[in-house]
Amino acid sequence: TNSSTQLLVVGGIILVLAVGGFTWYYFSKKKKESTPSLDDDIVDANVFTTPPFRPISNSNTSSTSTSTSSSSSSSIYIKKGSRHPDVKILQRYLKYYKQPLGRSGPKRDGVDGIFGNLTAKGAQKQLGKTSFTRSDIQSMKNTLKLLGI
């Protein structure tokens, strides 16, 4: 009877630990899904219908009107020479479009947070510009989030 009592106690402990572990996992996963983090922002509905960036056409009238509207609506946030965590968002966005960014950064994929020559060249080729506003970076961030990157 002593061994059966010990077996019952050990089985009970294992059961309690299993139920506790499952409960912890379930609620931690549910909390992650329902609680937005500080980085989470509301996704613009236009992201689903229009691409976030189109290269600027080479005509002078189009580029003049584009630069005028972007400079009057918001200021430049990052540009060539910037060292900022949000440069990594631009670099991850460019990596998605297979732009070569070199071998720097922790993963040796060019995503290092430094807006250098290769980032500027990739941005000009893919996006048609080399300076970006906060809303540009936010659009890239939302797009990467939708893509699961």
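The values are calculated or read from the model by the stated rules, or taken from the named source; none is laboratory data. This is a predicted model, so every value here is computed, not measured. All Cβ positions, glycine included, derive from the backbone under ideal geometry; neighbour counts span all protein chains shown. Side chains are part of the model used for accessible areas, which takes the heavy atoms of the whole protein and leaves out ligands, DNA and RNA. Shrake-Rupley method; radii C 1.70, N 1.55, O 1.52, S 1.80 Å.
If you roll a 1.4 Å probe over the heavy atoms of the protein chains, what accessible area per residue do you get for region 71-149, in Å²?
58 Å²
Please find the FRET efficiency linking Y96 to N117, where r is the Cβ-Cβ separation and R0 is fixed at 22 Å, and quote it to the nearest 0.05.
Numbers: r = 20 Å, r/R0 = 0.90.
Computed FRET efficiency for Y96 and N117: 0.65.
How many nm is it between the label spots at K145 and S104, if each spot is 7 Å from the Cα in line with the beta carbon?
2.8 nm
How high is the relative contact order of region 84-142? Use alpha-carbon pairs under 8 Å, at least six apart in sequence, and give a whole percent.
Details: 61 pairs, mean separation 20.8, N = 59.
That works out to 35 percent.
How many nm separate the modelled label positions at L8 and K80, each set 7 Å beyond the Cα in the direction of the Cβ?
Here the modelled spin labels are 8.0 nm apart.
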